[in-house]
Amino acid sequence: MTASPTHVIVGAGLAGANAARALREEGFDGRIVLIGDEAQLPYDRPPLSKQYLRGEASPDDIRVLDADGWSQLDVDLVLGTAVTWVDLNSRRVTFGNGTALGWDRLLLATGAEPRALPVRGGDLPGVHLLRRLADADRLRAALQRADRIVVVGGGWLGSEVAASARQMGVEVSLVEMGSVPLARTLGERVGSIYRDLHASNGVALHMRASVTAVLGDRRATGVQLHDGTVLPADLVVVGVGVRPRAQLANRVGLAVGNGIEVDVELQTSAPGIYAAGDVASAWHPVLNRRLRVEHWANAIHQGRVAAANMLGANRPYDRQPYFFSDQYDLGMELTGHPDPAMEVVFRGDPSDGAFMAFWLAGGRVSAAMNANIWDVTDTLRELVESGRPIASERLADPSEPLDALVSS
């Protein structure tokens, strides 16, 4: 490394932004260059389907830092610019305009991109994808003019958009291939809670259904389902998942599978290059498998660990995944990595609006959710991380203190 090193971060989302901040907090006094292809200061994405979409938050409310904050950190922001090449030998990144920048350590935090709907009419005007601030601005403006919409996909994004649209007074039809919303993440029993929640808030649910065409000549006017059913709509929102933005890494020869493959310290197959956030397929030392996590907390914590390791800390990334979602009056936090096939144990009655759920594998808690019950996340994380067998009866018994389950 040079006497005055330069660390470059490609991707100015949450992972990249938090890595830049962490480099300074870890004592790095060289040059930091944070590059983003959006012409926006780094911001939080979760509000885009919730508060920001409903007009309850402004762009300033969701910024990681304002311009003065980045200036005080002495971080060089290069926004509205894409990196087109990484030279592994000369250690330089090249921009779309042909200019180049040298680096001593490089972090790829390029995130993910939404999948389009691969059917006839899927590219019509009035079909919305939601990933970026500009997407949310367009969707919010369209929702304010709409009477009815179709949301395709009952995962987290689709469910949150459906809830926000109903809160804005728009009629919503939700189309999902599974038997209930969120089945692929939470399983049938917990997903049915969200099915009932949406139904009670007036969403027309079309489960075990798929879209075969988006209807309309010059713009979307509805969708056709696999059984011929036509759902008229003023606009269509597509939430059928994302793919990691690993094209750059793939082109330059880094190991890429379901994302950029990194080791337990978040280093790629090329020494000195790291990856973090939605794009990183990281080896998890506890789960003993690769894991690519698309959640807010993962981006923050991986970005910070990657930054420390760029400075030689050699820290393993072994945190359990964490996720949160707010839909209508149900707020939840999820710790761990649930599998829909696992046994699920409830503590409390979900119909009462406040409960916990535990996913068990071999009698051990692999994941835990707290819904409308707060200040228990740290304890639930300890419970998941303990790997200790716990009887289902104790988990389900509200008189059994959570702390006792952790310490027993």
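Here r is the Cβ-Cβ distance between residue 252 and residue 97 and R0 is 30 Å; the resulting FRET efficiency, rounded to 0.05, is 0.95. The simple spin-label model puts a point 7 Å past each Cα toward its Cβ; for residue 88 and residue 188 those points are separated by 4.7 nm.
Between 128, 377, 22, the Cα set farthest toward the positive side of the dipole of the chain (charges on each charged residue's Cβ, about the Cα centre) is that of 128. Computed with a 1.4 Å probe on the full set of protein chains, the accessible area for residue 322 sits at about 40 Å². What a 1.4 Å probe finds exposed on the stretch 21-175 is 42% carbon and sulfur by accessible area, rounded to a whole percent.
Only helical runs count toward this figure. For the chain, summing -39,500 (n - 2.57) over DSSP H runs of n ≥ 4 and dividing by all residues gives -7000 deg cm²/dmol at 222 nm. About its Cα centre, the stretch 100-188 has a charge dipole of approximately 140 debye under the convention of +1 per Lys or Arg Cβ and -1 per Asp or Glu Cβ, with nothing else charged. Simple spin-label estimate for residue 57 and residue 352 gives 3.1 nm between the two label positions (7 Å along the Cα-to-Cβ direction from each Cα). The charge dipole of the stretch 229-356, taken about its Cα centre with unit charges on the Cβ of Lys, Arg, Asp and Glu (plus for the first two, minus for the last two), comes to roughly 700 debye.
Around the amide H of residue 172, modelled in the peptide plane, lie the amide H atoms of 149, 204, all under 5 Å away and 5 or more residues distant in sequence or on another chain. Considering only 110, 268, 81, the mean-square fluctuation computed in a Gaussian network model of the chain, springs between alpha carbons under 10 angstrom, is largest for 81. Distance between the modelled labels on residue 4 and residue 210, one decimal in nanometres: 5.8 nm (7 Å Cα→Cβ projection). In a simple Cβ point-charge model (Lys, Arg +1; Asp, Glu -1; nothing else charged), the chain has a dipole of about 1220 debye relative to its Cα centre.
By the gyration tensor of its Cα atoms, with a ≥ b ≥ c the square roots of the eigenvalues, what is the shape of the stretch 17-96: rounded for a/c under 1.5, prolate for a/b over b/c, or oblate? Oblate is the answer for the stretch 17-96, as a/c is 1.5 or above yet b/c matches or exceeds a/b.
Farthest toward the positive end of the dipole of the chain, out of 69, 110, 328, is the Cα of 110, where the dipole comes from beta carbon charges about the Cα centre.
Looking at the stretch 198-251, which trypsin sites (Lys or Arg not before Pro) are DSSP coil and have at most 10 other C-beta atoms within 10 Å of their C-beta? Qualifying residues, ordered by number: 218. Taking a ≥ b ≥ c as the square roots of the eigenvalues of the alpha-carbon gyration tensor, the chain is classed oblate because a/c is 1.5 or more while a/b is no larger than b/c.
Between residue 396 and residue 141, the FRET efficiency estimated from the beta carbon spacing at R0 = 45 angstrom works out to 0.45.
The values are calculated or read from the model by the stated rules, or taken from the named source; none is laboratory data. Remember, it's a predicted structure, so these values are computed and weren't measured experimentally. For neighbour counting, all protein chains shown are included, and Cβ atoms are generated from backbone atoms with ideal geometry for every residue, glycine included. These area figures cover heavy atoms from the full protein model, side chains too; ligands, DNA and RNA do not enter into them. Shrake-Rupley method; radii C 1.70, N 1.55, O 1.52, S 1.80 Å.
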